[in-house]
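Chemist: The following block contains the structure, expressed as structure tokens.
The values are calculated or read from the model by the stated rules, or taken from the named source; none is laboratory data. Note that the structure is a prediction, hence the values are computed from the model and not measured. In this analysis, Cβ positions are derived from the backbone assuming ideal geometry, glycine residues included, and neighbour counts consider all displayed protein chains.
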Amino acid sequence: MTDVATLLPDPPEEVAPPRRQHGAAAWAVWLARRLGLAVLTLWLVSVLVFLATAALGDPVRAILGRDYNSNPGRVAQLEELLNADQSIVSRYFDWLGGLLTGDLGVSLANQRPVSELISANVVNTLVLVLLSAVLMIPLAFAIAMISAHYRRKRPDTVIQTILLAMAGLPEFVIGVLLIALLATTVFKVFPAVTISSPTGHPWDNPDAMVLPTLTLVLAVAPYVSRIVRASLLEVIDSDYVELARLKGIPEKVVMRKHALLNAIVPGIQVIALQLAWLAGGVVVVETLFSYPGVGLQLVDSVRNHDVPMVQALSMIIAGVYVVVNVVADVLSILLTPRARTAISS
Amino acid sequence: MSTDTGPGSAPPPPAIAPAEPSTLRKAMRQKRFTVGLAITLLLVAFVIVAPYLAPFGENEVAGPPFSKDGFLGTDYLGQDVLSRVMYGGKSILVIAVFGTLLGMALGIAIGVVAAYGGGWWDEIIMRANDVVLSFPQILLALVVLTAIEQPTAWILILLVGVSHAPRVARLARGVALGIVSRDFVIAAEALGEKRTRVILAEVLPNMNAPLLAEGGLRLTYSIGLIGALGFLGFSADPGAANWGQMIQENRLALSTQPWAVLAPVLVIAIFCIGTNLMADGIAQVAQRGDN
């Protein structure tokens, strides 16, 4: 039996086979429906972000703290900036309109346009997340394959126990332990803090990328690896793999062609979930290593109660999540013959 | 129920349905569950008892900052690290437990109502759920904390609970869907039982194994989430000892006084490993029960 089947994500939404449509038309309908749902989700996310930042508390009071009562001039100025005199509904639509036309507003902390402040950091974070994903995916699959190869034997048990223990650890725990191990206390190999000039990029000094990337990889790989192993075992136990073996196909080919390919689809769903999860993980990891990305910027903005910055940054992170999910759904449909025919026949 | 070989050691009392051992009893036979439970209970006991045994007060200055005085040295204000660790678990434990309970209660309610209600009701609930799901948990907490001057313990509990709820709901809905169409539910409905009673008396009791496993997992994530928020500088009482916040306060001195950071990190790590092992043990039982 599989260990982590309860952790497996839902299969891509079952789509009722559209009648009287063939091939490309059916695909277009399916894709349009999926994209429509994504847009709807993004819109609802924008409502949620706006309500949480602008309506739940009083940002002006939060920014000024104790000065709130003693400094009515600053209160008026901030309320002006936030258009606090208008109704919440019209403020929302102003903000949404700006968002759609690329105008993200002005930062409360230093009065510069938000888009100018975050563009470099978005690139930095994308590089960090993609680098981690590129390293994490083959690693997780390799560990899963080794573990599945030795199923129920000693190496499998050892690997699974280690993975299980690691899967529960928060990112900052892994990060701090790595710093202590590789940067400060035990060995002094890599820098613990990312220092980059305001014009340069963090990867100008590749050493500084090592620990943040490694932290993200180690935080995500155990979970992915456990799920890939579970789906690999499920495939290995299936009838068609049994049949392929009985036909006398060499074991290596069976593993590669029959087993691995079929285990990739659940893997894609998991990777999509994890990529999205990385978007949350960067918040902590970037803060830990002072890596100049959107996560660090978000934490700083939340501390400063810089509402326009937080709104823009959280919309970006949620947007990445929604896009990644759409891509993962399309990919898993394309790679699952059964689902492919269900749509186009 | 049990097609696998293992759990036949208890004499199988036949015929009557409720003779099946409870989820917990079955979980106790899992090594990883018992190890996880032991670790978790030890840590909970430590968190509750330790403040009475701490050599120094929570905010008492024990020596110069970042010195080697005492068992684990002192922190950035010269407070005794060991004492801070002994005091610092209370807030994490309380917020994690209540946040998890709240998230489970909300999530189960949403999921079961969606599964039992069905139709457009289900569609709306799960769509709204997708929206909250497109936020990494920590992001949801941060967005709300933007407009709040100083979080209280209640706000943190609420944030942890609400960010868990959609994830729990997804699972609860999946489990409940498999139950609401079973004969005993239909029979109860045919007898004219009220809907709330059908849910409480027929549906929920049959979901306890997967829900317990999910609860254990959520507790693990709660600890991580609250630790991370403390690390980012968001805690209910900035003066009080708090494992997450200790990391933040002392991390600049990691090379000179590592224990001020490593001690709270290791406690959180052990705590998470314990609850995660426990959750995984229950999850295995839950799966066997399903098949």
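Chemist: Working carefully through the options A:210, A:224, A:254, A:270, find the one that is among the aliphatic types (A, V, I, L, M) and more than 30 Å from residue A:337 (Cα to Cα).
Modeler: On the way: A:224 fails: more than 30 Å from residue A:337 (Cα to Cα); A:254 fails: more than 30 Å from residue A:337 (Cα to Cα); A:270 fails: more than 30 Å from residue A:337 (Cα to Cα).
Sole residue among the options that is among the aliphatic types (A, V, I, L, M) and more than 30 Å from residue A:337 (Cα to Cα): A:210.
Chemist: Please enumerate the residues belonging to the range A:306-318 that are more than 7 Å from chain B (Cβ to nearest Cβ) and in a helix (DSSP H, G or I).
Modeler: To start, the set of residues in the range A:306-318 that are more than 7 Å from chain B (Cβ to nearest Cβ) comprises A:306, A:308-309, A:311-313, A:315-316.
A:308, A:309, A:311, A:312, A:313, A:315, A:316 - these are the residues of the range A:306-318 that are more than 7 Å from chain B (Cβ to nearest Cβ) and in a helix (DSSP H, G or I).
Chemist: Considering only residues that are in contact with a Lys or Arg (Cβ under 8 Å, 6 or more places away or on another chain) and either surrounded by fewer than 13 Cβ atoms within 10 Å (Cβ to Cβ) or among the hydroxyl-bearing types (Ser, Thr, Tyr) (or both), look in the range A:42-76 and name the one that is farthest from the other protein chains (Cβ to nearest Cβ).
Modeler: Going through the qualifying residues, I end up with A:67.
Chemist: Being part of a loop (DSSP other than H, G, I, E, B) and closer than 14 Å to residue A:288 by Cβ is the filter here; which residues of the range A:161-192 pass it? Break it down stepwise before answering.
Modeler: Let us first name the residues in the range A:161-192 that are part of a loop (DSSP other than H, G, I, E, B), namely A:168-170, A:185-192.
Of everything in the range A:161-192, those that are part of a loop (DSSP other than H, G, I, E, B) and closer than 14 Å to residue A:288 by Cβ turn out to be A:169, A:170, A:190, A:191, A:192.
Chemist: Condition (residue is in contact with a Phe, Trp or Tyr (Cβ under 9 Å, 6 or more places away or on another chain) and within 28 Å of residue A:273 (Cα to Cα)) applied to the range A:180-187: is it met by at least one residue?
Modeler: Taking the range A:180-187 as the starting set, the residues that turn out to be in contact with a Phe, Trp or Tyr (Cβ under 9 Å, 6 or more places away or on another chain) are A:181-183.
Next, only the ones that are within 28 Å of residue A:273 (Cα to Cα) stay: none.
Checked against the condition, which is being in contact with a Phe, Trp or Tyr (Cβ under 9 Å, 6 or more places away or on another chain) and within 28 Å of residue A:273 (Cα to Cα), the range A:180-187 yields no hits at all.
Per-residue answers, yes or no, for (1) crowded, with 24+ Cβ neighbours inside 10 Å; (2) at the interface with chain A (Cβ under 10 Å from one of its Cβ atoms); (3) not basic (Lys, Arg):
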| position | (1), (2), (3) |
| --- | --- |
| B:218 | yes, no, no |
| B:225 | yes, yes, yes |
| B:235 | yes, no, yes |
| B:244 | yes, yes, yes |
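Chemist: Given (1) in a helix (DSSP H, G or I); (2) crowded, with 21+ Cβ neighbours inside 10 Å; (3) more than 10 Å from every other protein chain (Cβ to nearest Cβ), where does residue B:273 come up short, assuming only one miss?
Modeler: Here residue B:273 meets the rest and fails (3).
Chemist: Please state which one of A:123, A:106 is within 31 Å of the chain's Cα centre (by Cα) and modelled with pLDDT of 85 or more.
Modeler: On the way: A:106 fails: modelled with pLDDT of 85 or more.
That would be A:123, the only listed residue that is within 31 Å of the chain's Cα centre (by Cα) and modelled with pLDDT of 85 or more.
Chemist: Among the numbered conditions (1) at pLDDT 85 or above; (2) more than 23 Å from residue B:262 (Cβ to Cβ); (3) of a type in the set (A, V, I, L, M); (4) part of a loop (DSSP other than H, G, I, E, B), tell me where residue A:195 comes up short.
Modeler: In the conditions (1) at pLDDT 85 or above; (2) more than 23 Å from residue B:262 (Cβ to Cβ); (3) of a type in the set (A, V, I, L, M); (4) part of a loop (DSSP other than H, G, I, E, B), residue A:195 misses (1) alone.
Chemist: Checking the structure you have, find out if any residue of the range A:142-159 is exposed (fewer than 14 other Cβ atoms within 10 Å of the Cβ), at positive phi and assigned to a loop (DSSP other than H, G, I, E, B).
Modeler: yes
Chemist: Continuing with this model, one more query. Conditions: (1) outside any helix (DSSP H, G or I); (2) modelled with pLDDT of 75 or more. Residue A:20 meets all but one. Number of the miss?
Modeler: (2)
Chemist: Please give the number of the condition residue A:321 fails out of (1) in a loop (DSSP other than H, G, I, E, B); (2) within 14 Å of chain B (Cβ to nearest Cβ); (3) under 21 Å from the mean Cα position of the chain (by Cα).
Modeler: (1)
Chemist: Residue B:265 - would you say it is more than 10 Å from chain A (Cβ to nearest Cβ), among the β-branched types (Val, Ile, Thr) and buried (at least 21 other Cβ atoms within 10 Å of the Cβ)? Walk me through it before giving the result.
Modeler: Working: more than 10 Å from chain A (Cβ to nearest Cβ): no; among the β-branched types (Val, Ile, Thr): yes; buried (at least 21 other Cβ atoms within 10 Å of the Cβ): yes.
So residue B:265 does not fit the description; no.
Chemist: Got a sec? Which helices (runs of 4 or more DSSP H) wholly within the range B:143-247 have at least 2 residues that are closer than 24 Å to residue B:123 by Cβ and under 20 Å from the mean Cα position of the chain (by Cα)?
Modeler: B:153-180, B:208-231
Chemist: Taking the range A:288-305 as the search range and keeping residues that are crowded, with 24+ Cβ neighbours inside 10 Å and at the interface with chain B (Cβ under 9 Å from one of its Cβ atoms), which one is farthest from the chain's Cα centre (by Cα)?
Modeler: So the residue we want is A:305.
Chemist: A further question on this structure: Name the residue, out of B:188, B:147, B:213, that is modelled with pLDDT under 90, surrounded by 24 or more Cβ atoms within 10 Å (Cβ to Cβ) and either within 12 Å of chain A (Cβ to nearest Cβ) or touching a helix residue (DSSP H, G or I) at 6+ places or on another chain (Cβ under 6 Å) (or both).
Modeler: Values: B:188 fails: surrounded by 24 or more Cβ atoms within 10 Å (Cβ to Cβ); B:147 fails: surrounded by 24 or more Cβ atoms within 10 Å (Cβ to Cβ).
Answer to the selection: B:213.
Residues checked against (1) touching a Lys or Arg at 6+ places or on another chain (Cβ under 9 Å); (2) small (Gly, Ala, Ser); (3) within 12 Å of another protein chain (Cβ to nearest Cβ):
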| site | (1), (2), (3) |
| --- | --- |
| A:149 | no, no, no |
| A:152 | no, no, no |
| A:159 | yes, no, no |
| A:170 | no, no, yes |
| A:180 | no, yes, yes |
| A:205 | no, no, no |
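Chemist: Continuing with this model, one more query. Looking at B:160, B:180, can you tell me which residue is of a type outside the set (Phe, Trp, Tyr) and buried (at least 23 other Cβ atoms within 10 Å of the Cβ)? Please lay out each step first, then the result.
Modeler: On the way: B:180 fails: buried (at least 23 other Cβ atoms within 10 Å of the Cβ).
Of the residues listed, the single one that is of a type outside the set (Phe, Trp, Tyr) and buried (at least 23 other Cβ atoms within 10 Å of the Cβ) is B:160.
Chemist: Further question on the same structure: With respect to residue A:288, determine if the residue is in contact with a Lys or Arg (Cβ under 9 Å, 6 or more places away or on another chain) and closer than 30 Å to residue B:224 by Cα. Quick ask: steps written out before the conclusion?
Modeler: On the way: in contact with a Lys or Arg (Cβ under 9 Å, 6 or more places away or on another chain): yes; closer than 30 Å to residue B:224 by Cα: yes.
Considered against the rule, which asks whether it is in contact with a Lys or Arg (Cβ under 9 Å, 6 or more places away or on another chain) and closer than 30 Å to residue B:224 by Cα, residue A:288 comes out as yes.
Chemist: On to the next question. Checking the conditions here, which among B:140, B:171, B:158 is among the hydrophobic types (A, V, I, L, M, F, W, C), farther than 20 Å from residue A:37 by Cα, within 12 Å of another protein chain (Cβ to nearest Cβ) and in contact with an Asp or Glu (Cβ under 6 Å, 6 or more places away or on another chain)? Working first, answer last.
Modeler: Working: B:140 fails: in contact with an Asp or Glu (Cβ under 6 Å, 6 or more places away or on another chain); B:158 fails: in contact with an Asp or Glu (Cβ under 6 Å, 6 or more places away or on another chain).
That would be B:171, the only listed residue that is among the hydrophobic types (A, V, I, L, M, F, W, C), farther than 20 Å from residue A:37 by Cα, within 12 Å of another protein chain (Cβ to nearest Cβ) and in contact with an Asp or Glu (Cβ under 6 Å, 6 or more places away or on another chain).
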